[in-house]
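Input: a single structure, listed below in structure tokens.
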Amino acid sequence: MIRITQLRNKCIGCNACVEAFPQRWRISRKDGKSVLVGGRANKSVHFLLTGEDEWEGHSVAAKNCPVRVIRVERC
Ligand code: SF4
């Protein structure tokens, strides 16, 4: 199992995570920030528990995020 965490209020909507892993990231039409598809929110911290098979995609998203607001960890 892996946990993805996004500090969404600091997202600048650059689209890099969407390009890295479009199955799980998309840009919101409402505010232009990215959304973790299937995730849950605790105030501005959004998170998702998912399978190991998504590790690579989210890791690339996290690495490419220019403001470093995506964290990927095993749990
Ligand atoms: S890569 Fe980072 S800053 Fe860019 S849209 Fe995704 S979360 Fe936001």
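One line per residue, one yes/no per condition, for (1) charged (D, E, K, R); (2) on the phi > 0 side of the Ramachandran plot; (3) touching a helix residue (DSSP H, G or I) at 6+ places or on another chain (Cβ under 6 Å):
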site	(1), (2), (3)
13	no, yes, no
23	no, no, no
32	no, yes, no
35	no, no, no
38	no, yes, no
44	no, no, yes
47	no, no, no
52	yes, no, no
Review point. When both residues are 6+ apart or on different chains and their Cβ atoms are under 7 Å apart, which pairs have a first residue that lies in the range 5-16 and is over 17 Å from residue 57 (Cβ atoms), and a second that is outside any loop (DSSP other than H, G, I, E, B) and of a type in the set (Ser, Thr, Tyr)?
Key: 11/34; 13/34
Check your understanding: Can you name the strands (runs of 3 or more DSSP E) wholly within the chain that have at least 2 residues being buried (at least 16 other Cβ atoms within 10 Å of the Cβ)?
Key -> 2-7, 25-27, 34-36, 45-50, 70-74
Review point. Can we say residue 13 is away from the ligand (no atom under 14 Å from the Cβ) and of a type in the set (Gly, Ala, Ser)?
Key: no
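Every number in this text was worked out from the coordinates using simple rules, so none of it is lab data. As the structure is a computational prediction, the values presented were derived from the model and not from experiment. For neighbour counting, all protein chains shown are included, and Cβ atoms are generated from backbone atoms with ideal geometry for every residue, glycine included.
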